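The values are calculated or read from the model by the stated rules, or taken from the named source; none is laboratory data. Note that this is a predicted model, so its numbers are computed, not measured. Cβ atoms come from the backbone with ideal geometry, glycine included; neighbour counts cover every protein chain shown. Only protein heavy atoms, including side chains, enter the accessible area calculation; ligands, DNA and RNA are left aside. Shrake-Rupley method; radii C 1.70, N 1.55, O 1.52, S 1.80 Å.
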Amino acid sequence: MSKTALITGASSGIGAATARTLAAAGYDLVITGRRTDRLQALNDTLENRYGIRVHVLGFDIRDRFQTESAIDALPARFRRIDLLVNNAGLAAGLEHIDEGDPLDWDRMIDTNVKGLLYITRIVSQRMIADGRGGHIINIGSIAGVQAYENGAVYCASKHAVHALSQGMRMDLLGHGIKVTEIRPGMVETEFSVVRFHGDRRRADDVYRGIEPLTGDDIASVVGWIVSLPPHVNINDIEVMPSAQANAYLTCRKEDESEQ
Ligand code: NDP
Ligand code: 8X3
């Protein structure tokens, strides 16, 4: 019997790449996000290319009622979820704490922390009720173990994901549900465009002179983790571009045209 994975934030970046990787591995998919046009296009591509079944769920993960209603309304063939990839998330803003915008703080905390909690609660309840175990993969960040200047609230939200991953691993242990945290470094997706509120030049500058990770790089790590036998769990794993040592230190090649 094929397995079903639910991926939050599959309309771009790491989530979309993970959907492609898991589809290629034969998983049926539930893909979620707010931009349902993109999810529908991904749905069509994956069903045609891999012959799997995909279901699109459009909802804002910050809204508990929307999140729970969406999961409750899943068609019967998608109700049994074997793998939950908690990926939806964002950074908004990059400034000192005294200059931060509380609206940005709300978006980050409501999405990265509370949204992850809302969907984990309802999906883990179903996994437990089915009695067949399962696997939850949380996309954390190196910002979950290192704070950096101008990123206090994003880092706090990912520190929360780090703590939640450890806590839920203990809570779900007796139910045969594995919990993995993946902590990426710099991945070139829409992340920085979102962080800088659509300022693409500022976003591009983040990756200037280095080869960042891609969504596919993280997706291939997800693919490897879920390929391991049931008795093996990767608790957490940090994945960085070779040109990055930690949250503060990257080795950039200078652009000769600028000299
Ligand atoms: P993208 O901006 O490309 O993707 C973010 C995804 O999250 C989108 O599919 C978006 O869907 C979804 N999302 C955001 N807000 C909501 C919401 N309120 N409700 C539902 N879905 C939402 O960025 P990435 O792929 O890079 O980010 C994925 C995860 O990886 C995030 O948790 C991020 O913190 C983490 N990460 C990213 C790193 C990077 O350098 N890029 C490094 C470390 C971690 P939609 O807009 O359609 O709702
Ligand atoms: C994204 C990594 O360090 O660019 O989580 O904020 S960082």
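Could you compute Rg(Cα) / (2.2 N^0.38 Å) for the chain, with N its residue count?
Details: Rg = 18.1 Å, N = 259, 2.2 N^0.38 = 18.2 Å.
Computed over Cα atoms of the chain, the ratio equals 0.99.
So what's the back-of-envelope 222 nm ellipticity for the chain, counting only DSSP H runs of four-plus at -39500 (n - 2.57) apiece and dividing by all residues, rounded to 500?
Values: 9 runs with 103 residues, N = 259.
Rounded to the nearest 500, the figure is -12000 deg cm²/dmol.
Under the classification rounded if a/c is under 1.5, otherwise prolate if a/b is larger than b/c and oblate if not, where does region 122-234 fall, given a ≥ b ≥ c as square roots of the Cα gyration tensor eigenvalues? Please report the intermediate quantities before stating the final value.
On the way: a/c = 2.62, a/b = 1.91, b/c = 1.37.
Note, shape of region 122-234 comes out prolate.
Please work out the average accessible area per residue across the chain, using the 1.4 Å probe convention, and give it in Å².
On a per-residue basis, the chain sits at 48 Å².
What list of ³J(HN,Hα) couplings, whole Hz, do you get for region 194-205 from phi and the Karplus terms 6.51, -1.76, 1.60, once you set θ to phi - 60° and write x for glycine and proline?
5, 4, 9, 6, x, 7, 5, 5, 5, 5, 4, 4
Leaving out ligands, DNA and RNA but keeping every protein chain, what accessible area does ARG53 have, in Å² rounded to the nearest 10, with a 1.4 Å probe?
Accessible area of ARG53: about 90 Å².
ASP63 to HIS96: extension gain in nm, 0.36 nm per residue of separation minus the Cα-Cα distance?
Details: separation 33, 0.36 × 33 = 11.88 nm, distance 2.80 nm.
Computed gain between ASP63 and HIS96 is 9.1 nm.
On a 1.4 Å probe surface of the protein chains, which of GLU181, GLU238, GLU68 comes out largest in accessible area, and what is the full order? Please list the in-between numbers first.
Values: GLU181 0, GLU238 80, GLU68 40 Å².
Of GLU181, GLU238, GLU68, the descending order of accessible area is GLU238, GLU68, GLU181.
Once both labels are modelled 7 Å past Cα along the beta-carbon direction, what's the LEU249-ARG132 spacing in nm?
4.7
State the answer as a single residue: which of GLY215, TYR248, ILE31 lies farthest towards the positive end of the charge dipole of the chain, with beta carbon charges of +1 for Lys and Arg and -1 for Asp and Glu, about the Cα centre.
Checked the options; the winner is ILE31.
Taking amide hydrogens as modeled 1.01 Å from N in the peptide plane, which residues meet the under 5 Å criterion relative to ALA91, leaving out close sequence neighbours?
Hits under the 5 Å cutoff: ARG195.
For region 198-242, what's the radius of gyration and Dmax over Cα atoms, in angstrom?
Both quantities, over Cα of region 198-242: 15.0, 46 Å.
On the protein heavy atoms, probe 1.4 angstrom, tell me the percent of accessible surface of the chain carried by carbon and sulfur.
Exposed carbon and sulfur together represent 50 percent of the surface.
Relative to the longest principal Cα axis of the chain, at what angle does helix 152-171 sit, 0 to 90 degrees, rounded to 10?
Long axis of 152-171 versus the principal axis of the chain: about 30 degrees.
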